[in-house]
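Comments concern the structure below.
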Amino acid sequence: MLNRFLFADEAGCFTFTKGQNVSRCFILCSVTMEECSVATSLLDLRRKLVWQGADLGEHFHATTDKQVVRDAVYETILGHPFQIQATIMEKSKAQAHVKTSKPTFYKFGWYYHFKHGTKDQFTTDHKALVTAASLGVRKERAAFKEAVDDVMRQTMRAKEWKTDFLPCGSDPCLQVADYCAWAIQRKWESGGHDLRSYSLIEDRITYEYDLWAAGSTHYY
């Protein structure tokens, strides 16, 4: 029987230049839980908000949701137990070999995230399902999936595990990861000034690590 679930999403873009609407950081975020009842609560919330006439997209997505919707989502998900792990990658510090391709950069971050960020979340007694939000075009998605599978083979401590890749709208638990990633992104992109959503989830964070904090060289 499955007894550990991890849902993963990311915040930021793969653009390695400075510019308007270009993120400073690429953030990998996972949420771990022992059961997935939060998914039912989010579906119930959506039905409630539809009935109230709220302005909604196809699924909960923190970047585009109205603040009133965000408030309701955070209130709902925080009624359930889960823990959060985040790895922050300041893109301008990435050396050339790390960013030769999107999947290479993605895999580099996930390797250190799973090796260190989630090491306390899984034991040899666990049977785990790891679900990541899919991204990129079809060819890229295959490369991203292979990257995560390879990282899992190197780092996963659970007795048994499987991986799955889904669009964020396909599983409400991925939307939990999206909301947590967005809150952490707002903190880092604002230089610690926008903590409105971060403060709501801060006590759930078990790992938040700036991967290149010790680096001083910026490559753009």
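Considering only region 175-198, state which residues are under 17 Å from T40 (Cβ atoms) and touching an Asp or Glu at 6+ places or on another chain (Cβ under 6 Å).
A177
Yes or no, residue by residue, for (1) in a strand (DSSP E or B); (2) under 17 Å from Y111 (Cα atoms); (3) over 20 Å from the mean Cα position of the chain (by Cα); (4) in contact (Cβ under 8 Å) with a residue 24 or more places away in the chain:
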{"site": "L6", "(1), (2), (3), (4)": "yes, yes, no, yes"}
{"site": "L28", "(1), (2), (3), (4)": "yes, yes, no, yes"}
{"site": "E35", "(1), (2), (3), (4)": "no, no, no, yes"}
{"site": "V38", "(1), (2), (3), (4)": "no, no, no, yes"}
{"site": "L45", "(1), (2), (3), (4)": "no, no, yes, yes"}
{"site": "V50", "(1), (2), (3), (4)": "no, no, yes, no"}
{"site": "L56", "(1), (2), (3), (4)": "no, no, yes, no"}
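F108 - would you say it is among the aromatic types (F, W, Y), within 20 Å of E35 (Cα to Cα) and at pLDDT 95 or above?
Against the criterion (among the aromatic types (F, W, Y), within 20 Å of E35 (Cα to Cα) and at pLDDT 95 or above), F108 does not qualify.
Among the conditions (1) surrounded by 12 or more Cβ atoms within 10 Å (Cβ to Cβ); (2) out of contact with any His (no Cβ under 9 Å at 6 or more places or on another chain), the only one that E35 does not satisfy is (2). Residues considered: A142, A133, A158, A147. Of these, the only one that is surrounded by fewer than 18 Cβ atoms within 10 Å (Cβ to Cβ) and either in contact with a Leu (Cβ under 7 Å, 6 or more places away or on another chain) or modelled with pLDDT under 95 (or both) is A142. Residues considered: D194, D120, D125. Of these, the only one that is free of Cβ contacts under 8 Å to residues at least 12 places away in the same chain, assigned to a loop (DSSP other than H, G, I, E, B) and either buried (at least 18 other Cβ atoms within 10 Å of the Cβ) or not β-branched (V, I, T) (or both) is D194. For region 77-117, the set of residues classified as within 19 Å of C25 (Cβ to Cβ), within 17 Å of the chain's Cα centre (by Cα) and among the charged types (D, E, K, R) consists of E90, K91, K102, K107, listed by residue number. For region 16-32, the set of residues classified as among the aliphatic types (A, V, I, L, M) and either over 30 Å from D120 (Cβ atoms) or exposed (fewer than 15 other Cβ atoms within 10 Å of the Cβ) (or both) consists of V22 only.
Pairs meeting the criteria (first residue in region 67-89 and over 14 Å from F7 (Cβ atoms), second residue among the aromatic types (F, W, Y) and not in a helix (DSSP H, G or I), beta carbons under 6 Å, at least 6 apart or on different chains) are V73/F60; T87/Y209; M89/F26.
For residues that are farther than 21 Å from E208 by Cα and in contact with a Cys (Cβ under 7 Å, 6 or more places away or on another chain), tally how many sit in region 22-56.
4
Can you work out which of the residues in region 60-104 that are part of a loop (DSSP other than H, G, I, E, B) and polar (S, T, N, Q) is farthest from L200 (Cα to Cα)? Looking at the filtered set, the residue picked out is T100.
The values are calculated or read from the model by the stated rules, or taken from the named source; none is laboratory data. These numbers come from a predicted model, not from an experiment. Note: ideal-geometry Cβ built from the backbone for every residue, glycine included; neighbour counts use all protein chains shown.
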